[in-house]
Amino acid sequence: MKERVESSRASGRSENKFHCVTFILGEDLFGIQINFIREIIEFDGITHVPMMPSFVRGIINLRGSVVPVIDLSIRFGRGLTELKSSTCVAILSLPGLDNGYNEVGILLDAVCEVLEIPESDIDPSPTFGANIRGDFIQGIATINERFAILLNVQQALSVAELSAMAESVALQHFSDDTEVA
């Protein structure tokens, strides 16, 4: 790997880099492209919203704006994120419907560091063995002798898919209510 970096420097080419923020979720290390992250804030409580998919932990008030908070652990088919003193919320700005942007918060166990990873050091998404959907993974990098899953946030937090899931849950609750009556 060192030879690839040195050869690109020797040839005078500037290598593209993946700029990301790394964070811990459960026992795993993840990275998100920095251009999607608006800010990272301390976790200071959350308001639960009824009839939402389980991965929508609730909403927060961010300077007068209502921002939904997603529990990535549940979204990835794992358990509920345990709230600790290191828990924080990354506020992401994601392309949304009608060419606009939507703000979404994600719960993180802890933020690690901001990195620039040469694209030549990023391996493709594995086709087996990952604990999350393959389309959620942009690639895999090794950071300090540990694998980091680089997320494709536009897939993992697709506004259209999340909205459809929320609508499906609401319809299910509505149909359950009408069957009882």
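The values are calculated or read from the model by the stated rules, or taken from the named source; none is laboratory data. In this text, all values refer to a predicted model and were calculated from it rather than measured experimentally. Cβ sites come from the backbone with ideal geometry, for glycine too, and all protein chains shown count toward neighbours.
Only one entry in 89, 104, 180, 153 is of a type in the set (A, V, I, L, M), within 16 Å of residue 69 (Cβ to Cβ) and at pLDDT below 90, namely 153. Only one of the numbered conditions (1) modelled with pLDDT of 90 or more; (2) buried (at least 18 other Cβ atoms within 10 Å of the Cβ); (3) β-branched (Val, Ile, Thr) is violated by residue 137, and that is (1).
For the stretch 30-45: of the residues being of a type outside the set (Gly, Ala, Ser) and surrounded by 18 or more Cβ atoms within 10 Å (Cβ to Cβ), which is nearest to the chain's Cα centre (by Cα)?
Initial filter on the stretch 30-45 (of a type outside the set (Gly, Ala, Ser)): 30, 32-44.
Checking the rest, the ones that are also surrounded by 18 or more Cβ atoms within 10 Å (Cβ to Cβ) come to 30, 32, 36-37, 43.
Numbers: 30: 8, 32: 7, 36: 10, 37: 10, 43: 16 Å.
Within the stretch 30-45, the match that is nearest to the chain's Cα centre (by Cα) is 32.
Counting the residues of the stretch 63-94 that are surrounded by 16 or more Cβ atoms within 10 Å (Cβ to Cβ) and either among the aromatic types (Phe, Trp, Tyr) or not in a loop (DSSP other than H, G, I, E, B) (or both) gives 15.
The condition (being under 18 Å from the mean Cα position of the chain (by Cα) and either closer than 30 Å to residue 16 by Cα or hydrophobic (A, V, I, L, M, F, W, C) (or both)) is satisfied by just one residue among 79, 100, 96, 58: 96. Screening the stretch 37-62 for residues that are in contact with a strand residue (DSSP E or B) (Cβ under 6 Å, 6 or more places away or on another chain) and not in a strand (DSSP E or B) and picking the one that is nearest to residue 137 (Cα to Cα) gives 55. Scanning the stretch 110-129 for residues that are surrounded by fewer than 15 Cβ atoms within 10 Å (Cβ to Cβ) and either modelled with pLDDT of 85 or more or among the small types (Gly, Ala, Ser) (or both) returns 110, 113, 114, 116, 119, 120, 123, 124, 129.
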